[in-house]
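The values are calculated or read from the model by the stated rules, or taken from the named source; none is laboratory data. None of these values were measured; they are calculated from a predicted model. Neighbour counts are summed over all protein chains in view; Cβ atoms, including those assigned to glycine, are modelled from backbone coordinates with ideal geometry. Surface areas here come from the heavy atoms of the whole protein model, side chains and all, with no ligands, DNA or RNA. Shrake-Rupley method; radii C 1.70, N 1.55, O 1.52, S 1.80 Å.
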Amino acid sequence: MANVYEDMTTEALDAEIEHLQKQADEIRAQNVSLDMARGKPSAEQTALARPMLDLLTSETKLEDGAAIVDNYGTPDGLPSARALAAQILGVEPANIVVSGSSSLNLMHDVVTHGFTNGVAGNKPWCQQGQVKWLCPAPGYDRHFTVTAHLGIKNIPVPMHEDGPDMDMVQRLVESDPSVKGIWCVPKYANPTGVTYSDEVVRRFASLKPAAPDFRIYWDNAYCVHGFGEKDDALLNVFDALADVGATDLVYEFGSTAKVTFPSSGIAFVTASASDMAEVRKAFGVSRVSPEKFSQLAHVLFLKDLDGVKAHMAKHAAIVAPRFALVEQKLTDGLADLGIAKWTHPHGGYFVSFDGPEGSARKIVALMSELGVKLTPAGATWPYGDDPHDTNIRIAPTYPSLEELGQALDIFVIAVRLVSARLARAKRA
Ligand SMILES: Cc1ncc(COP(=O)(O)O)c(C=O)c1O
């Protein structure tokens, strides 16, 4: 659809800018203070897991089979917690380590191990010259920071509606031995909400990397975060690997950060038996034993995959109306103008929004002036460098429905005003 502002007469465009400017001035005078920046659950959501806090008392049996909860030991995590994590990811418990409360932490440690000690007996990356990493973009800023922090060169890969651009991924992974990894969020990706198609998952599983120490970092953070009705199906990457007889290609991560409590969930990692043997050894350097009270509480509270699903249905009841509101407000305010597009996820935590070229930084800055905090423009790209300056991550979960509605009304005005000004600036 053509950009209506570019098609307007200059007089009509100037009048529109003046009208929008007046609306923005009125908002500024209201001194609102709203936050749509980070993907955090609302207080209503975290309250859903509060009953878990009542499950551990001084009377609780602090054993899990042969494992002791209140002392060192069981470095791979409690057997019951590993069984729960295995059900969540759909893999064998034997190849799972449950440790700590943050999956990002585990990803950081696995990547750092490759950098300092090497993967599968290969030279550490820090001794291999400049190594590279593929970063589907827009993507999760903290992933990009982990690799950038080690001096690994992050290379953006376009995200399509069914996953990353697999022709580019395959070309780079199979031709360049300095490419050591790729960040993937295969279900309800941050921020696009895209779930990788079966074909994309199969193409990942069929990769023939040029580097023997290349791995796929499969961050399945939102694997149980569907909104219900139209939950996306993700092909299990380990099944896809088995189908083509491949192994030692994927580390998969997950956590209950957005099931129970961010910062106090349980986090887990799985991979092939030999990759996990190496991960266990690497983790053993800095970990004596995981936090088993939290693991026990999670098992008592969630029990199994059915328990997780029942709990996530309660989250969905809170979150789905927020995403519906985003869709409605953006459609009502912007759909007919030909200036923006956005994603329509069936789960997860984000909507990815693209305005006209050169608009994202201006929109985020204007929103900040008007009292609404957004994720910084560019954050969804490696090094904060969105090449066309179009992408904004919308995180609708944290504000109340009322606040979200207010923030989106302001967003619509900001997008229109910035787009109209950009169209005007193109004229003499
Ligand atoms: C894709 C993705 N992975 C991981 C995380 C963080 O998970 P954790 O709290 O388990 O480190 C987030 C949080 O926003 C995320 O969006």
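Just a few scattered comments:
- Reported count of residues in region 106-120, each being away from the ligand (no atom under 15 Å from the Cβ) and touching a strand residue (DSSP E or B) at 6+ places or on another chain (Cβ under 8 Å), is 2.
- Qualifying positions in region 268-286 - under 15 Å from Val91 (Cα atoms) and either buried (at least 17 other Cβ atoms within 10 Å of the Cβ) or in contact with a Ser or Thr (Cβ under 7 Å, 6 or more places away or on another chain) (or both): Phe268, Val269, Thr270, Ala271, Ser272, Asp275, Met276
- Any hit, region 19-32, residues being surrounded by 12 or more Cβ atoms within 10 Å (Cβ to Cβ), out of contact with any Cys (no Cβ under 7 Å at 6 or more places or on another chain) and within 19 Å of Val308 (Cα to Cα): no
- Within region 251-285, restricting attention to residues that are aliphatic (A, V, I, L, M) and either without any contact (Cβ under 8 Å) to a residue 40 or more places away in the chain or not assigned by TED's automatic domain parsing to the domain that holds Leu296 (or both), the residue that is nearest to the ligand (Cβ to nearest atom) is Val285.
- Yes/no for Leu53 being farther than 30 Å from Lys426 by Cβ, in contact (Cβ under 8 Å) with a residue 60 or more places away in the chain and open to solvent by 80 Å² or more (accessible area, probe 1.4 Å): yes
- Scan of region 352-402 for residues that are open to solvent by 20 Å² or more (accessible area, probe 1.4 Å) and among the charged types (D, E, K, R), ordered by number: Asp354, Glu357, Arg361, Lys362, Glu369, Lys373, Asp385, Asp389, Glu402
- Conditions (1) open to solvent by less than 10 Å² (accessible area, probe 1.4 Å); (2) away from the ligand (no atom under 16 Å from the Cβ); (3) touching a Phe, Trp or Tyr at 6+ places or on another chain (Cβ under 6 Å): number failed by Val91: (1)
- Region 1-17 residues that are in the same structural domain as Ser419 (by TED's automatic domain parsing), paired with ones that are modelled with pLDDT under 95 and loosely packed, with under 12 Cβ neighbours inside 10 Å (beta carbon under 7 Å, 6 or more apart): Thr10/Arg427
- Matching residues, region 377-404, being under 14 Å from Asp35 (Cβ atoms) and in contact (Cβ under 8 Å) with a residue 40 or more places away in the chain: Arg393, Ile394, Ala395, Pro396, Thr397, Tyr398, Pro399, Ser400, Glu403, Leu404
- Scan of region 252-266 for residues that are surrounded by 24 or more Cβ atoms within 10 Å (Cβ to Cβ) and aliphatic (A, V, I, L, M), ordered by number: Val259, Ile266
- The set of residues in region 205-234 being over 26 Å from Thr112 (Cα atoms) and either among the hydrophobic types (A, V, I, L, M, F, W, C) or more than 16 Å from the ligand (Cβ to nearest atom) (or both) consists of Val224, Phe227, Gly228, Glu229, Lys230, Asp231, Ala233, Leu234.
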